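Have a look at the structure below, then the notes.
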Amino acid sequence: MTAIATAPTETGEVQLDRDVFLRRLLRELAGTLQDIVGLEEASGYISVVGAAMGEHIDAEYRRALAVERLSRAQVAEVLVDLKRRIHGDFFIIEEMEDRLVLGNRACPFGDFVLGRPSLCMMTSNVFGSIAAENLGYAGVELERTIAQGHAGCRVVVHLRPTEQAQPGLREYFRRDHARA
C-alpha cells in the first residue's frame, strides 16, 4: 500500500482564497483602467457597475423590509448595514434632514483599494442610487477616502440639491424623476 502524500501546494502558506483573489482582480482591473483611460474615465466605468449594484442591493433591502420605499432613517441604516455585510466599517457621524454624513474605518477592498480611487465610485454609486431611489435625490461627496491614503473615509450624502455647485459632488435622481 502506497501512502498518499499531501501535495506541497496544499501545505504551503499561500495567501490566496476566493475573497483575496476577487479583491486583487478588482484592484488590477481598476488599475488597468486608470492607467489606460485615466482616473476620470475609469471612475465612469466603475460608476456604471456601482449603479447596477446599488439597484440590486436596494431591491433586496426593500424586499426584506417589505416596503415600497425606504425612509430616510432606513436609508441610513441600510448604507451602514450593507457595508458591514461586505466587511466595511461604516458608521453614521451625522444624520440630518438634508444630509447623512458617514465615516468608515475599514474598506471592503482592504489594502487593495490603496492607489485605486476609481474603486470608490462603487461606494458613491451604491449610496447615491439607494438614497435617490428611495428619497428622490442624492448628492454624494467623497470628502476623504482610504484609497487616497487617509486613515478612514468621510462620505456626505446630500438629500436635497444644493444651490451652489460643489466640486466632487456626484448627483443621483430617482429613475422616474425627469431632470430639467
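Remarks
- Length gained on full extension, residue 164 to residue 22, computed as 0.36 nm times the residue gap minus the Cα-Cα distance: 47.2 nm.
- Options 107, 66, 47, ranked by Cα towards positive dipole end of the chain, top entry (Cβ charges): 66
- Packing, as the average of other Cβ atoms within 10 Å across residues, places the peptides 107-116, 85-94 in the order 107-116, 85-94, highest first.
- Annotation note: GluC sites (Glu not before Pro) in region 27-88 located in DSSP loop regions with a Cβ neighbour count of at most 16 within 10 Å are 68.
- Residues whose amide H falls under 5 Å from that of residue 144, counting only those 5 or more places apart or on a different chain, are 154, with hydrogens built in the peptide plane.
- Cα-centre dipole for the chain with unit charges at Cβ (Lys and Arg positive, Asp and Glu negative), debye to 20: 140 debye
- Dividing the helix sum by the residues of the chain, where each DSSP H run of 4 or more adds -39500 (n - 2.57), gives a mean residue ellipticity at 222 nm of -15000 deg cm²/dmol.
- Cβ charges +1 (Lys, Arg) and -1 (Asp, Glu), total dipole of region 54-95, debye: 120 debye
- Each peptide in 118-129, 150-161 receives the mean, over its residues, of other Cβ atoms within 10 Å, and ordering these scores from highest gives 118-129, 150-161.
- Label-zone membership for region 65-90, site residue 59, 7 angstrom Cα→C-beta point, backbone N under 18 Å: 65-70
Computed from the coordinates by the stated procedures, all read-outs in this text should not be read as laboratory data. Treat the numbers as computed from the prediction; the structure is a model and nothing was measured. Positions of Cβ are backbone-derived with ideal geometry, glycine not excepted, and every protein chain shown enters the neighbour counts.
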